[in-house]
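**Q** The structure that follows is given in the form of structure tokens.
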Amino acid sequence: HVVRDDHDGIPLGFYCRSSLAPYLDTDELFEVTKQGLTFFADFFGYEYAFHKYDQVFVPEFNFGAMENVGAITHSERMVFRDPPTENQRLGRAEVILHEMAHMWFGDLVTMRWWNDLWLNESFATYMAYLALVESTRFQAAWMAFNSGMKAWAYRQDQLVTTHPIAGQVPDTDATFLNFDGITYGKGAAVLKQLVAAVGMEAFRDGMRRYFQRHAFGNTTLAEFLDAIDEGVERDLHEWAALWLETPSLNTISADWSAEGGEIASFALDQTAPDDYPTIRPHQLDVALITESNGSLDVAGVPVSVEGERTEVPAAVGSPEPALVMPNLGDHAFVKVALDDRSLDYVRDHLERVEDPLLRQLIWQALWNMVRDQQLKSTDYLPLAASKVAGETDIELIETVLASVSGTIARFVPDDQRDEQAHRFSDLAWSALSEGAPGASTGDGQIIWARTLIGLAITPEDIARVIALADGDLNVDGLTIDQDMRWEIAIRAVAHGIDGAADRIAAERERDPSDRGERAGLRAEVAVPDAAVKAEAWRRFHDEGYGSLHLTAAAMAGFHWHVQREMLEPWTMDFFDRVADVFETGENQFTRSYFASLFPHGRVEERVLERSRALLGDLGDRLPLLQRSLREANDDLERAVRCRAFAAS
Ligand SMILES: [Zn+2]
């Protein structure tokens, strides 16, 4: 199935399987495509160079998308079979613009070697968000940038396997490892910081010089920096060495005092982890937030942070703030530790902060404090519960609920897990049934409903979502879509609910598509029966389920927290088998295998010990497996620390 259009003389096309034609919303797809083509040609000062622009939705595509010149291939997931949220539409527009940016960054000018992969991926990522904000209806895209790209980067940059944005890449196998949160997320965040440091105009002029100079050629980092450098006073080569060639990140905190209702002293302190002691320059705005008569006033003070302590004379004499947040506008790639007075204010009055991006940054600071054992997971969850029900920004509700789900799965002791999940399941149900402010729109309902389903762990909560699927319970305006129906049915199977097999059979009939086939396989493997698990385990290691995507779907149904005792034999067998799998399997297969079958949910010392022992046995073999194990161990260690801290 193909739909054609054109734009400024460039022929455009969208292709998909005929069976997906009813779901192909070409109006929006063409709109974003045209907005992007206009924006990039203007921003880069260089017309689209490749004569036509087709986009093809491909079944079982292994990546999100691929920037083939003039014929982009996209994963078929981007054709929405259920009604999408605005945020899902934003995510798809971002991918469209990312691949389009590659027509300039990557295809018109290409990095000389893979060590400058970030010249492709970081730029395409940053430019896609800039294009979203500047040329499409997705005006709040910097919030999604923060909750998606930057959150990914922060997480990865704090793992033991972190690496510089630009580094040594001996061969193409090593390249495969670097398609990660550092190359995409951190690289793009550092570009946002570069733009804050040199100004948007100087950045844009530098880009124009770069494309004029290097079109249809290859470049290195130095050539890129030279193009920007010409328009600015700052020595970017020194800046780049600190930002691009050293791993990890800094934490910023405000140290201030007040007297007689005014700020008497104000400084920003910068720290670095012991293993990576680099102190960096940061261009940021400090938010000084004062309250009078119940309304807030936010003043931004620009600061060039250099060194471990930066005095901020411009803040002295300002009215005494109720809350200080050192990264207004989210231009800096740093962790923020809130000072005690600000933390107290947030606990009581976070909802009074009107700017949603600023609220999001505060939520992110709280989440970082949980991960760093500065705030107990068991204190964070009640705080989140009390604030999120009143939250009105949909993007923010989704971000906070995702952190909540992650906290419950990993950072609370096993014996409190059910109770915490039940708390949020109830909260989601009240939000939906009583029409909380954030659940009054279609998108808000979908997000709360997905949370209701995802956190249904106790028998009572599972019964409730089953009643929703069966129409015995209803929420005005909410449709339980096919994806939700599958999640509910598979959950019923995994928890051994009566009638679960019939439920799966009914869903298979309702959804005979490839998506239904994958969901059906996940359900088959989720059955809480040791014989079923043994047969699935054998098949993962032998003939599989017909294709990479089908086998991956089946593997995703294997591990369930509620089945942990029954799954014990395979928890340890994984470590005996995984090296063979990595020895012989394709990269895409081993990635799914590890993600689904490593016992991530077993936050236990003995699992860690077994995993460390395997890592030791590997020596310098199988670098991809080494990296996966080191990251999984790091995650487990953090979860152990957070649980112990919560119990202390
Ligand atoms: Zn890309």
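**Q** For the range 424-440, name all the residues that are surrounded by 15 or more Cβ atoms within 10 Å (Cβ to Cβ) and not hydroxyl-bearing (Ser, Thr, Tyr).
**A** Phe424, Asp426, Leu427, Ala428, Trp429, Ala431, Leu432, Gly435, Ala436, Gly438, Ala439
**Q** Just one of the numbered conditions (1) among the β-branched types (Val, Ile, Thr); (2) under 30 Å from Glu605 (Cα atoms); (3) open to solvent by 50 Å² or more (accessible area, probe 1.4 Å) is not true of Thr479; which one?
**A** Going through (1) among the β-branched types (Val, Ile, Thr); (2) under 30 Å from Glu605 (Cα atoms); (3) open to solvent by 50 Å² or more (accessible area, probe 1.4 Å) one by one, Thr479 breaks only (2).
**Q** Check the range 31-54 and report whether any residue there is surrounded by 19 or more Cβ atoms within 10 Å (Cβ to Cβ) and closer than 26 Å to Ile447 by Cα.
**A** The answer is yes; a qualifying residue exists.
**Q** Among the residues of the range 77-102, what is the count of those that are part of a loop (DSSP other than H, G, I, E, B) and within 11 Å of the ligand (Cβ to nearest atom)?
**A** The initial filter retains those residues of the range 77-102 that are part of a loop (DSSP other than H, G, I, E, B), namely 79-85, 102.
Cutting the leftovers down to within 11 Å of the ligand (Cβ to nearest atom) gives us 102.
Here the count works out to 1.
**Q** May I pose another question? When you scan the range 332-398 for helices (runs of 4 or more DSSP H) that lie fully inside it, which ones turn up with 2 or more residues that are closer than 26 Å to Val190 by Cβ?
**A** Of the helices (runs of 4 or more DSSP H) lying wholly inside the range 332-398, those with at least 2 residues that are closer than 26 Å to Val190 by Cβ span 356-371.
**Q** Where residues in the range 135-151 are open to solvent by 30 Å² or more (accessible area, probe 1.4 Å) and outside any helix (DSSP H, G or I), which of them is nearest to Ala332 (Cα to Cα)?
**A** Ranking the qualifying residues of the range 135-151, first place goes to Ala140.
**Q** Looking at (1) open to solvent by 10 Å² or more (accessible area, probe 1.4 Å); (2) aromatic (Phe, Trp, Tyr); (3) within 30 Å of Ser403 (Cβ to Cβ); (4) within 14 Å of the ligand (Cβ to nearest atom), which one does Tyr126 not meet, given that it meets all the others?
**A** (1)
**Q** Among residues belonging to the range 59-76 that are crowded, with 16+ Cβ neighbours inside 10 Å and away from the ligand (no atom under 15 Å from the Cβ), point out the one that is farthest from the chain's Cα centre (by Cα).
**A** In this case the residue turns out to be Gly70.
**Q** With the condition kept exactly as written, say whether any residue in the range 111-120 is open to solvent by 30 Å² or more (accessible area, probe 1.4 Å) and within 16 Å of the ligand (Cβ to nearest atom).
**A** Scanning the range 111-120, I find at least one residue that is open to solvent by 30 Å² or more (accessible area, probe 1.4 Å) and within 16 Å of the ligand (Cβ to nearest atom), so the answer is yes.
**Q** Output the residue which, of all residues in the range 180-194 that are out of contact with any strand residue (DSSP E or B) (no Cβ under 8 Å at 6 or more places or on another chain) and closer than 13 Å to Ala240 by Cα, is farthest from the ligand (Cβ to nearest atom).
**A** By that ranking, first place goes to Leu194.
**Q** Counting only residues that are open to solvent by 10 Å² or more (accessible area, probe 1.4 Å) and touching a strand residue (DSSP E or B) at 6+ places or on another chain (Cβ under 8 Å), which one in the range 77-98 is nearest to Gly442 (Cα to Cα)?
**A** Here the answer is Met78.
**Q** Give me the residue from the range 164-179 that is in a loop (DSSP other than H, G, I, E, B) and surrounded by fewer than 21 Cβ atoms within 10 Å (Cβ to Cβ) and, out of that set, nearest to the ligand (Cβ to nearest atom).
**A** Filtering the range 164-179 for residues that are in a loop (DSSP other than H, G, I, E, B) and surrounded by fewer than 21 Cβ atoms within 10 Å (Cβ to Cβ), the one nearest to the ligand (Cβ to nearest atom) comes out as Phe179.
This table checks each residue for (1) under 22 Å from Gly557 (Cα atoms); (2) free of Cβ contacts under 8 Å to residues at least 40 places away in the same chain.
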{"residue": "Trp429", "(1), (2)": "no, yes"}
{"residue": "Asp443", "(1), (2)": "no, no"}
{"residue": "Thr458", "(1), (2)": "yes, no"}
{"residue": "Asp470", "(1), (2)": "no, yes"}
{"residue": "Leu478", "(1), (2)": "no, no"}
{"residue": "Trp486", "(1), (2)": "yes, yes"}
{"residue": "Ala489", "(1), (2)": "yes, yes"}
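**Q** Does Phe105 satisfy being touching a helix residue (DSSP H, G or I) at 6+ places or on another chain (Cβ under 8 Å) and free of Cβ contacts under 8 Å to residues at least 24 places away in the same chain?
**A** Yes, satisfied.
**Q** Give me a count of the residues in the range 617-648 that are of a type in the set (Lys, Arg) and under 22 Å from the mean Cα position of the chain (by Cα).
**A** Matching residues across the range 617-648 total 3.
**Q** Take the residues of the range 242-275 that are free of Cβ contacts under 8 Å to residues at least 60 places away in the same chain and more than 29 Å from Leu350 (Cβ to Cβ): which is most open to solvent (accessible area, probe 1.4 Å)?
**A** If we take residues in the range 242-275 being free of Cβ contacts under 8 Å to residues at least 60 places away in the same chain and more than 29 Å from Leu350 (Cβ to Cβ), then Asp274 is most open to solvent (accessible area, probe 1.4 Å).
**Q** Restricting attention to the range 292-300, does a residue exist that is at pLDDT below 95, open to solvent by 30 Å² or more (accessible area, probe 1.4 Å) and in contact with a Lys or Arg (Cβ under 7 Å, 6 or more places away or on another chain)?
**A** Looking through the range 292-300, at least one residue is at pLDDT below 95, open to solvent by 30 Å² or more (accessible area, probe 1.4 Å) and in contact with a Lys or Arg (Cβ under 7 Å, 6 or more places away or on another chain).
**Q** Same structure again: Give me a count of the residues in the range 553-583 that are closer than 22 Å to Pro459 by Cα and open to solvent by 60 Å² or more (accessible area, probe 1.4 Å).
**A** Going through the range 553-583 one residue at a time, the tally reaches 3.
The values are calculated or read from the model by the stated rules, or taken from the named source; none is laboratory data. Computed from a predicted structure; not experimentally measured. Reconstructed Cβ throughout: ideal geometry from the backbone, glycine too, with neighbour counts over all protein chains shown. Just so you know, the surface numbers come from the protein's heavy atoms only, side chains and all, with ligands and any DNA or RNA stripped out. Shrake-Rupley method; radii C 1.70, N 1.55, O 1.52, S 1.80 Å.
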